[in-house]
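Okay, so here's the structure we're looking at.
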Amino acid sequence: MGQPGQLGRSGHARTGRSGRTGRPRPGHQAGEGDRALLTLTEVEALARRAHAGQTDKAGRPYAEHLAAVAGGVRARGGSDEQIAAAWLHDAVEDGALTPAWLAGAALTEHTKAMVRAVTKRPGEPVEAYTARILATPGARLIKEADLAHNADPARLAVLDAATRERLTVKYRRVRGLLGLA
């Protein structure tokens with residue numbers, strides 16, 4: 001068994017003591033090897049370090065957004081794998097972590113797939129982006145929590161009127177394409 005709080009494919013934290021018991025690990029997938037998966041605490045710390053010094057459009061520490069999205073996923077009943085993906089949802093898109101890092105990370109393939117799904121690619125049409133999210137189990141909930149925090153009236157209120165309107169229209173369109181409107 002892994003360490004307490006490790007993320008399994010089932011989406012529930014792994015429990016039990018460190019060390020090998022001879023039993024298969026919960027959620028073990030072929031290709032994940034026998035290495036320990038990152039715990040949610042480790043994923044959070046990693047995401048905070050990766051985005052250290054970054055701020056959002058309102059000048060707030062970017063980690064506040066990550067925490068809000070992870071909390072939104074948790075509040076909506078998301079699994080530990082979804083919460084982990086929420087902590088990392090902007091890491092590759094913003095260049096805080098590389099695609100190669102993600103490919104080799106001690107995360108389940110499901111968590112990695114969700115991070116890849118919510119990572120917008122340069123020049124990618126919004127329709128292709130939202131289609132990928134919808135095609136990836138679990139990813140829609142992460143984007144829902146992200147959009148909810150991004151569209152929070154208190155966050156938008158500190159922006160200039162033109163930016164506030166542009167983002168409001170953008171977020172409304174993405175919500176509609178995801179069937180969240």
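The values are calculated or read from the model by the stated rules, or taken from the named source; none is laboratory data. Worth saying up front: this structure is predicted, and the values here are computed from it rather than measured. Cβ sites come from the backbone with ideal geometry, for glycine too, and all protein chains shown count toward neighbours. Quick note on the areas: whole protein, heavy atoms, side chains included, nothing else; ligands and nucleic acids left out. Shrake-Rupley method; radii C 1.70, N 1.55, O 1.52, S 1.80 Å.
Of note:
- Every residue from segment 35-92 that is among the β-branched types (Val, Ile, Thr) and free of Cβ contacts under 8 Å to residues at least 24 places away in the same chain: THR55
- Selection status of ALA67, at pLDDT 95 or above, surrounded by fewer than 17 Cβ atoms within 10 Å (Cβ to Cβ) and part of a helix (DSSP H, G or I): no
- Among residues of segment 38-64 being touching a Gly at 6+ places or on another chain (Cβ under 7 Å) and among the hydroxyl-bearing types (Ser, Thr, Tyr), the one that is least open to solvent (accessible area, probe 1.4 Å) is THR39.
- Selection within segment 164-181 - open to solvent by less than 30 Å² (accessible area, probe 1.4 Å) and part of a helix (DSSP H, G or I): LEU167, TYR171, VAL174
- Considering residues of segment 78-105 that are charged (D, E, K, R) and in contact with a strand residue (DSSP E or B) (Cβ under 8 Å, 6 or more places away or on another chain) only, the residue most open to solvent (accessible area, probe 1.4 Å): ASP80
- Taken together, ASP146, ASP94, ASP90 contain a single residue that is under 19 Å from the mean Cα position of the chain (by Cα), charged (D, E, K, R) and at pLDDT below 95, which is ASP94.
- Only one of the listed residues (THR108, THR136) is over 17 Å from TYR171 (Cα atoms) and touching a strand residue (DSSP E or B) at 6+ places or on another chain (Cβ under 9 Å). That residue is THR108.
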